[in-house]
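Some notes on the structure that comes next.
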Amino acid sequence: MASGTVAESEIEEEEEEEIKLGSYDGKVRVLREDEEAAAGEIMLLWGIQQPTFSKPNSFVAQSSLQLKLDACGHSLSILQSPSSLSTPGVTGSVMWDSGVVLGKFLEHAVDSGLLLLHGKKVVELGSGCGLVGCIAAILGAQVTLTDLPDRLRLLKKNIETNLRHGNMRGSAVVKELIWGDDPDQDLIDPFPDYVLGSDVVYSEGAVVDLLDTLVQLCGAQTTIFLSGELRNDAVLEYFLDAAMKDFVVGRVEQTQWHPDYCSRRVAMYVMVKK
Ligand SMILES: C[S@@+](CC[C@H](N)C(=O)[O-])C[C@H]1O[C@@H](n2cnc3c(N)ncnc32)[C@H](O)[C@@H]1O
């Protein structure tokens, strides 16, 4: 990429607005409302953040049967099924960095007083092994963790292993939710306060269905947090471009993440309905 292009993008970033979005009290960089916005964001992320310069899977061990992580004063043990990764279409049988980043971000944002999860209704999409939803429940949210029907067994096992009345202030249930299908009424009545998703934007073919589900799940007061791995610029650009039709999109800068869980290979967005 030409250095002049990056410099222009840097200037454009300076001009992007930093505001609060939804129920998150930290400031986020809102993506401009024009047709070049998604492309500009991709140029910034790949040109300045340079994701390929840092190691993938820094916070996870995908070949292990479990991932141990301390969160909210508890030792969590997230069971994984590395062998299932070889099954076509299975991606959530192990943890991904962006899940650890989002989970630890939630802990940090609550501790910093920028986010309130206690008593809030939360729906997580594509929960995989369930770390993010577990952390949200420990932080006091009433969480529904969702995934494809054949991915729920490991998810349930991780909830049973990690969440007990003694360590969780909220609650957690597991439910099937296929993106693009109509969500069960209890997921949208009332609308969730928060929708969470880590590493759910990775396939161009799933973007339309994912956005359809986000639109259906979100009311005027719903705040979405999405974290994702910076693997494929075209897929992220396609997602951001489409998302900006229905949502205001803001990037959460790494300065607001948990200081021990930052990665140049991950980006995080807050979205609210227009
Ligand atoms: C890369 S994994 C991420 C898992 C977990 N969120 C994490 O960060 O470790 C993507 C997740 O999205 C789920 N998923 C993919 N397509 C889906 C769809 N059409 N409907 C519902 N869930 C889907 C997968 O089963 C998987 O659990």
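None of the figures in this text is laboratory data; all of them are computed from the coordinates on show. This is a predicted model, so every value here is computed, not measured. All Cβ positions, even for glycine, are placed from backbone atoms using ideal geometry, and neighbour counts span all protein chains on display.
Being touching a residue at least 40 places away in the same chain (Cβ under 8 Å), away from the ligand (no atom under 13 Å from the Cβ), at negative phi and surrounded by 21 or more Cβ atoms within 10 Å (Cβ to Cβ) narrows it down to one of L177, L163, L139, L131, so name that one.
L139
When only residues in the range 63-85 that are near the ligand (Cβ under 10 Å from one of its atoms) and closer than 19 Å to Y261 by Cα count, which is surrounded by the fewest Cβ atoms within 10 Å (Cβ to Cβ)?
Selected residue: L67.
Out of I48, I42, I19, which single residue is out of contact with any helix residue (DSSP H, G or I) (no Cβ under 9 Å at 6 or more places or on another chain) and either assigned to a loop (DSSP other than H, G, I, E, B) or closer than 21 Å to L240 by Cβ (or both)?
From the options I48, I42, I19, the qualifying one is I19.
Mind counting the residues in the range 241-255 that are touching a residue at least 24 places away in the same chain (Cβ under 8 Å) and farther than 13 Å from V272 by Cα?
Looking only at that region, the number is 4.
Could you list, in sequence order, the residues of the range 86-116 that are near the ligand (Cβ under 10 Å from one of its atoms), of a type outside the set (S, T, Y) and part of a helix (DSSP H, G or I)?
D97, G99, V100, V101, L102, G103
Could you tell me which residue of the range 203-235 is farthest from the ligand (Cβ to nearest atom), considering only residues that are under 28 Å from K55 (Cα atoms) and touching a Lys or Arg at 6+ places or on another chain (Cβ under 7 Å)?
Checked the range 203-235; the qualifying residue farthest from the ligand (Cβ to nearest atom) is L230.
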